[in-house]
Amino acid sequence: MLTLDRISRQFGGVTALEQVSLTVPSGQVFGLIGPNGAGKTTVFNLITGLFPPSSGEMHFQGQSLLGLPPYRIATRGIARTFQNIRLFSEMSLIDNVIVGMHAHLDYPIWDAVLRTPRFRAMERNARMEAHHLLQRVGLGDLSQELAGNLSYGNQRKLEIARALATQPRLLLLDEPVAGMNATEKNAVMALIESLRQDHLTVFMIEHDMRFVMGLCDTVAVLNFGRIIAEGTPSAIQSNPAVIEAYLGQEDTAS
Ligand SMILES: Nc1ncnc2c1ncn2[C@@H]1O[C@H](COP(=O)(O)OP(=O)(O)O)[C@@H](O)[C@H]1O
Ligand SMILES: [Mg+2]
């Protein structure tokens, strides 16, 4: 579904990614792990067109992503959440989700200005769909609440609902359970499992090993901008290079 072929990216003199090649197969939950600063979020920023790679190729469903602006990549079927939550905190939950839908709500501007019956019907449908998505992520009872009043865990769930509103084929999740308690993590785990049942492909960055190893079909490990291992969760957990990379991180953290 998604392939990265020898992708590199420099920031000034810093090489954030070096010759990264990855294949995310259709229908999988694919995990990307690695120590802080390894370049994980940069991978998502490149895929979603926030900035271009310095070199290399990226394809989604057989078509190159190079040179496409973010909105075109979104309409091709790639949606994401952010490591640093980006919501409209002064807007209700339901309106945050409806904003996510506008990428595929397609109507002439005059319909909106004149509030034609056609526009009002579309708006009603959008509200129903948004409500359904909020229920799906477990926020159905809070649809009129302001996003800014939500707990951190619930804000992450709202971001997922908003990403799903674009009806993606590939969902990129950047640390979806960071800051969540065990109950919230289990709810998100069940949600991702249900997305897999619906044949959505999920590509996630996550630090929580129980979460990653419990959900992912394949895990790739990034360290200092390079892929050092890729395989099943059990193969990754016993891979000496991976253990080394994580032990190294603990050494520097303490
Ligand atoms: N927009 C940017 N400008 C300059 N440097 C960046 C930018 N984005 C990321 N970097 C650098 O690239 C490296 C990888 O960052 P990042 O992809 O955020 O790592 P991770 O998500 O694995 O923690 C870091 O050294 C970071 O400082
Ligand atoms: Mg990151």
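The values are calculated or read from the model by the stated rules, or taken from the named source; none is laboratory data. Source: prediction; values computed, not measured. Reconstructed Cβ throughout: ideal geometry from the backbone, glycine too, with neighbour counts over all protein chains shown.
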So Val137, is it within 16 Å of ligand 2 (Cβ to nearest atom) and not small (Gly, Ala, Ser) | no
Can you name every residue in the range 43-71 that is aromatic (Phe, Trp, Tyr) and surrounded by 14 or more Cβ atoms within 10 Å (Cβ to Cβ)?
-> Phe44, Phe60
Those residues that are within 15 Å of ligand 1 (Cβ to nearest atom) and surrounded by fewer than 23 Cβ atoms within 10 Å (Cβ to Cβ), I need them from the range 20-38; list them, please.
-> Leu22, Pro35, Asn36, Gly37
Restricting the search to the range 141-173, which residues are basic (Lys, Arg) and either part of a helix (DSSP H, G or I) or closer than 14 Å to Asn84 by Cα (or both)?
-> Arg156, Lys157, Arg162
Quick one: in the range 196-219, of everything that is of a type in the set (A, V, I, L, M, F, W, C) and modelled with pLDDT under 95, which residue is nearest to Asn36 (Cα to Cα)?
-> Met209
Count, please, the residues in the range 25-64 that happen to be touching a Pro at 6+ places or on another chain (Cβ under 8 Å) and free of Cβ contacts under 8 Å to residues at least 60 places away in the same chain.
-> 3
Helices (runs of 4 or more DSSP H) fully within the range 1-104 counting 3 or more residues that are under 26 Å from Arg156 (Cβ atoms) and within 16 Å of ligand 2 (Cβ to nearest atom) | 40-47
Considering residues of the range 85-135 that are modelled with pLDDT of 85 or more and polar (S, T, N, Q) only, the residue farthest from Val177 (Cα to Cα) = Asn125
